[in-house]
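Reviewing the structure listed below.
The values are calculated or read from the model by the stated rules, or taken from the named source; none is laboratory data. Because the structure is a prediction, the values reported are computed rather than measured. Please note: Cβ atoms are built from the backbone with ideal geometry, for glycine as well, and neighbour counts cover all protein chains shown.
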Amino acid sequence: MKKSILYILGLLTVFNVFSQQYVYGDIQSRYKLEKNIFQQDNKHTLSKPYLIDNNITNNYQKGIWSYAAIKDSSKIIILPFFSLQESPKVFPSTRQLNYSTGFQFNFLRPNFFSQIRIGYQQGSVDDTRFSYKRPYAPSLGYIDDTNSLSFSKPIIQGVISYKINNYITISAGNEKNTFGDGYRSLWLSDFAPVYPFLKLESTFWKVKYVNLWSLHDDQSPQGFSNLKWASSHLLSYNVTKWMNLSLFESVVWQDKDTLVNRGPDINYFNPFVFFRPVEYGIGSADNSLLGAGLKFTIDKQYLIYSSFILDEFLFSEIKNRTGWWGNKYGIQFGIKTFDLFKLDGLYSILEFNSVRPFTYSHLSSKQNYGHKNHSLAHPLESNFEEFLVLIGYQKNNLDFSVQYHFQKYGIDSANLNFGGNMFESYVDRTGDYYQKIGQGNLINQHLLIVQLSYMVSALTNTKVFVRLNSLNSKDLNELTKANKVFNFGISSRLWQDQQDY
């Protein structure tokens with residue numbers, strides 16, 4: 001039997017018809033690619049960066065380099081990248097200068113792809129966003145100097161992948177991954193900094209199955225190790241040409257505790273096992289998450305999507321409607337449009353997100369769903385509701401977008417944990433019942449972002465841009481904050497630049 005299995009695997013590895021590679025970029029750069037994917041039958045869009053065949057040559061924003069991000073080449077391409085952003089605040093009157101620089105190495109063979117970035121970044125962050133969270137450099141990592149809120153970090157990130165056969169691709173690196181179709185993700189987003197990972201993507205029939213194993217970092221002084229591990233499964237099934245069903249699960253465990261040095265627990269490295277039974281079987285207190293999603297494509301122009309995240313629940317408590325703290329879950333509903341009003345390049349997103357208090361948190365931050373003081377899911381973490389609308393236009397090298405967010409979230413007050421800070425232990429909660437979204441010091445926040453950019457290098461997604469951020473918030477005591485920031489600069493973006501939380 002063993003020889004038969006090895007023989008079958010050997011046959012599968014023989015066939016390498018088309019090479020595949022990952023396509024990065026922000027939401028504007030991915031527009032044309034996403035539109036093409038959604039208009040095709042039996043395609044999967046839940047896992048990003050997108051893994052596509054290199055023979056697809058017209059499904060991306062071309063930029064001024066005609067071959068853009070997709071080029072069938074066996075040569076190493078070395079590209080400089082550079083980002084310089086100055087933020088003179090309208091109120092208060094101060095300036096921030098952030099920059100990064102380095103080199104990107106691209107290499108593509110029929111069954112091998114790599115993209116590596118090596119460089120350096122330095123800057124400071126806006127302290128108005130730290131009213132209830134830990135100080136961090138958004139999407140970059142820890143603050144190096146908590147007094148000046150500055151950071152100075154090397155850039156070592158990228159991915160290498162190998163196409164085993166027509167159905168399976170394996171990849172590894174120090175990079176971000178995203179699960180979900182929304183602008184936000186309640187499962188896994190590109191908000192947190194890069195992290196080491198190993199990923200196995202299997203696509204066959206109407207199914208795409210993704211295994212992701214990742215290593216994360218926590219700054220809590222308690223314990224023997226700052227490391228924690230995560231293992232995630234994502235299943236995407238095209239029920240029909242217009243309907244997709246998806247399932248998600250993830251488990252997070254502490255690398256080392258007072259009893260044992262667990263490391264990469266072999267129990268969670270089985271690509272086909274369900275984590276919750278395993279967790280109970282080994283008697284652990286690990287943090288397991290479950291999710292499900294459903295989406296519909298209408299007339300190949302409208303995408304209606306929804307997702308659900310379940311951290312913990314007790315059905316009897318849900319029936320009693322008493323707001324039990326342990327009913328921890330979140331929901332997302334949204335709609336995307338492509339070529340709005342039949343205008344090529346005009347698109348829109350409407351989305352609603354809601355997450356109950358204490359979701360993603362655990363006994364300690366070493367078991368929560370976070371990485372380097374960031375949430376691995378939504379930037380607002382938990383105890384919030386959000387409505388957002390985005391309208392954008394993309395044509396050739398030009399991108400223009402306007403987005404508005406209304407956010408209602410509860411933060412801790414009087415040194416009490418109301419469930420909005422996922423890095424606090426849920427043991428220190430305010431009570432067992434009558435926990436509801438917005439509890440604590442309720443913040444009502446309006447955020448408007450207007451951005452215009454022009455692509456100058458498609459291979460590194462480098463853009464010259466101007467951007468206006470306008471944030472207005474009011475808390476329960478009528479204390480208001482108004483912050484307007486005008487940004488301009490040049491930026492090489494692999495992922496969406498998070499300025500909207």
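Of everything listed in (1) within 30 Å of L390 (Cβ to Cβ); (2) of a type outside the set (S, T, N, Q); (3) assigned to a strand (DSSP E or B), the single unmet condition for I170 is (1).
Give K62, K43, K48, K35 a once-over and let me know the one that is basic (K, R) and either at pLDDT below 80 or surrounded by fewer than 13 Cβ atoms within 10 Å (Cβ to Cβ) (or both).
K62
Each row is one residue, and each column tells you yes or no for (1) over 30 Å from K133 (Cα atoms); (2) modelled with pLDDT of 90 or more.
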residue: F191; (1), (2): no, yes
residue: Y195; (1), (2): no, yes
residue: F204; (1), (2): yes, yes
residue: Q219; (1), (2): no, no
residue: Q222; (1), (2): no, no
residue: V239; (1), (2): yes, yes
residue: V251; (1), (2): no, yes
residue: D257; (1), (2): no, no
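Tell me which residues, restricted to region 202-224, are touching a residue at least 60 places away in the same chain (Cβ under 8 Å) and over 24 Å from S306 (Cα atoms). Those that are touching a residue at least 60 places away in the same chain (Cβ under 8 Å) and over 24 Å from S306 (Cα atoms): H216, D217, D218, Q219, S220, Q222, G223. Hey, does region 352-370 have a residue that's under 22 Å from Y433 (Cα atoms), of a type outside the set (S, T, N, Q) and surrounded by fewer than 17 Cβ atoms within 10 Å (Cβ to Cβ)? Scanning region 352-370 turns up at least one residue that is under 22 Å from Y433 (Cα atoms), of a type outside the set (S, T, N, Q) and surrounded by fewer than 17 Cβ atoms within 10 Å (Cβ to Cβ). Selection within region 434-466: residues that are at negative phi and among the hydroxyl-bearing types (S, T, Y). The member of this set that is surrounded by the fewest Cβ atoms within 10 Å (Cβ to Cβ) is Y454.
Taking every residue in region 185-198 that is aromatic (F, W, Y) and pairing it with any residue that is buried (at least 22 other Cβ atoms within 10 Å of the Cβ) and assigned to a loop (DSSP other than H, G, I, E, B), at least 6 positions away or on another chain, the pairs with Cβ-Cβ distances below 6 Å are W187/G180.
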